[in-house]
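Scroll down for the structure; my scribbles are underneath it.
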Amino acid sequence: MRLELRGVNVENKIYLNQYAAYWKASEKHKKLMGSNPAYDLSKLPAEKMQEEARKFIVKRLEEKSIMTVYGERTEYHQICDMLQERRGKEKSFTDLEKSKWLLVLKAWMLKHNIPLTQTVHLAGKPERYGKSKLVRYFELLLEDVQPEDVRDEVLKDIWELDKLNIELKTTPTKNYRTIRFTEIYQADIKEELKKAIYVQLKQENVSSVAREMTAMRRLSRYLKEKHPEIESCQDISRAIVEDYLTYLNTESLQTKEFRSELNRLRSVLEMVGKLYHYEQLDNIILNRDIPPSTRAEFKTYSDAELKRINSFLVKVDEQTARLMIIHQMLGTRISDTLTLRTDCLIEKGNEVIIRINQPKSHYYEKPISMELASLIKAAIKYTKEKIGDTEYIFANENNPKVSWTYGRICDRILRLIYKEDIRDDNGQLFGFNSHMYRHYYGVKLTEMHLDDWTIARLLGHSSLRNVRYYRRMSNQILADETRAVRNKLSQIILDNLDGWGEEYEQIRYDDSLQ
């Protein structure tokens with residue numbers, strides 16, 4: 001007997017409430033999705049396409065939040081509309097190459113005035129344009145339906161990191177799953193790079209290797225456009241590098257972070273040189289090519305700004321709101337907050353101590369208030385009820401072994417900021433600079449007249465070196481602590497003005513001297 005639901009054949013629909021991701025959602029999100037949210041596979045013109053789409057959507061339900069998959073129905077319906085209108089002979093998404101499918105989609109989008117790009121907002125960075133959601137969604141679908149590549153992982157153009165025979169160094173708050181070589185356009189450089197990256201993964205953190213890949217992709221695009229004769233890293237000369245440096249400084253709009261960009265590029269090129277004995281790659285990028293480091297401006301929120309942005313946090317989901325308040329009250333780095341363990345609280349008499357494991361360095365302990373302890377306990381209880389026993393308080397619902405990522409929090413808060421038009425004291429839209437909460441915390445500690453060692457301990461610093469930046473930021477403490485000295489100094493000077501009489505008053509009130 002075939003199961004029927006509301007008169008519709010279940011085989012032709014994917015009902016979201018039949019999957020675990022749905023039941024992990026909040027009541028608010030369930031209400032937004034309606035009583036029976038579903039994907040209608042019958043909208044696809046061929047049975048094989050329906051099978052491929054089913055597999056892809058179910059995989060998304062296992063990997064992404066239910067609201068992400070629910071929202072992707074828009075892109076799914078647009079793809080269905082494109083295929084219905086096209087009336088092509090294709091019975092499977094594998095019948096055309098990926099590049100040809102994308103051309104078909106983009107032509108349809110242009111015909112229907114659907115933008116090919118969208119504005120991308122990243123924390124602390126200017127707006128830029130990226131692929132539209134529809135293009136990105138179709139690319140993911142096309143990649144998923146490709147026949148399984150049974151070759152050794154290092155021979156593929158997309159490496160799944162968990163399939164490499166390497167003990168990887170990872171950062172809990174950054175969830176890298178793949179390394180992609182698809183945008184390295186020179187075949188020989190691609191093969192040389194694969195060997196170098198494999199070695200780098202054994203020695204460096206995955207996030208560092210990912211940034212090296214970004215630098216190489218940018219170089220590869222440049223070589224394709226400006227020097228198509230270059231096929232191998234062996235062909236890269238000092239003259240080519242100098243041309244590239246000129247390009248970065250005069251033409252490239254994609255990056256202005258030349259110091260980090262060139263350091264990453266030098267690292268991977270030198271590794272290629274060692275592995276393949278390309279001697280010219282040793283020191284091909286010189287120290288003088290790399291701009292000196294500049295210390296970023298030390299910024300912090302004003303009291304008014306912090307109150308303003310906090311008043312909107314009630315509009316995000318409750319666990320994200322808890323995270324942001326805990327983050328502010330702890331004064332930690334965002335990576336420290338995201339990786340708080342469910343056993344981080346230690347009760348000693350009337351005090352509650354929290355243990356903070358810093359992914360970037362060491363662990364430390366410090367006392368916290370009862371109010372903060374209660375908030376952390378509420379977050380732990382929420383996670384246990386929704387997911388079960390986990391290592392992290394803010395565990396990923398779809399993969400409880402890892403924590404939430406910085407990108408996930410950044411996306412949620414930035415969406416709120418742009419939706420609600422939340423602005424700083426200068427009238428500019430807020431970014432999402434989570435480290436400014438830590439600066440605010442440190443500045444307030446200086447205004448409470450704590451000694452440098454205590455401040456360093458509360459911030460988790462192993463030395464006193466950085467405390468001076470928090471003290472410099474506090475104009476209030478500077479004014480309060482120097483007021484008596486300044487008044488006394490002024491009086492000494494005034495006492496030495498005997499005999500000036502009217503001349504002093506003239507100087508004092510001369511507008512030209514203000």
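General observations
- All strands (runs of 3 or more DSSP E) inside segment 112-187 with 2 or more residues being surrounded by 12 or more Cβ atoms within 10 Å (Cβ to Cβ) and modelled with pLDDT of 85 or more: 158-160, 178-180
- Residue ID - modelled with the lowest pLDDT, chosen from residues in segment 288-315 that are β-branched (Val, Ile, Thr) and surrounded by 10 or more Cβ atoms within 10 Å (Cβ to Cβ): Thr300
Okay, residues lined up against (1) within 15 Å of Tyr137 (Cβ to Cβ); (2) within 26 Å of the chain's Cα centre (by Cα); (3) open to solvent by 60 Å² or more (accessible area, probe 1.4 Å); (4) of a type in the set (Phe, Trp, Tyr):
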position	(1), (2), (3), (4)
Trp23	no, no, yes, yes
His29	no, yes, no, no
Gly34	no, no, no, no
Ala38	no, no, no, no
Ile57	yes, yes, no, no
Arg60	yes, yes, no, no
Thr74	yes, yes, yes, no
Cys80	yes, no, no, no
Gln84	no, no, yes, no
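- Meets criteria (over 19 Å from Glu143 (Cα atoms) and open to solvent by less than 30 Å² (accessible area, probe 1.4 Å)) for Ile66: yes
- Enumeration of residues in segment 371-409 that are touching a Ser or Thr at 6+ places or on another chain (Cβ under 8 Å), among the hydrophobic types (A, V, I, L, M, F, W, C), touching a residue at least 60 places away in the same chain (Cβ under 8 Å) and not in a loop (DSSP other than H, G, I, E, B): Ile409
- Residue count for segment 188-204, restricted to those that are surrounded by 14 or more Cβ atoms within 10 Å (Cβ to Cβ) and touching a strand residue (DSSP E or B) at 6+ places or on another chain (Cβ under 9 Å): 5
- Within segment 343-373, considering residues that are within 21 Å of Pro400 (Cβ to Cβ) and out of contact with any strand residue (DSSP E or B) (no Cβ under 7 Å at 6 or more places or on another chain), the one surrounded by the fewest Cβ atoms within 10 Å (Cβ to Cβ): Asp343
The values are calculated or read from the model by the stated rules, or taken from the named source; none is laboratory data. This is a predicted model, so every value here is computed, not measured. All Cβ positions, even for glycine, are placed from backbone atoms using ideal geometry, and neighbour counts span all protein chains on display. Quick note on the areas: whole protein, heavy atoms, side chains included, nothing else; ligands and nucleic acids left out. Shrake-Rupley method; radii C 1.70, N 1.55, O 1.52, S 1.80 Å.
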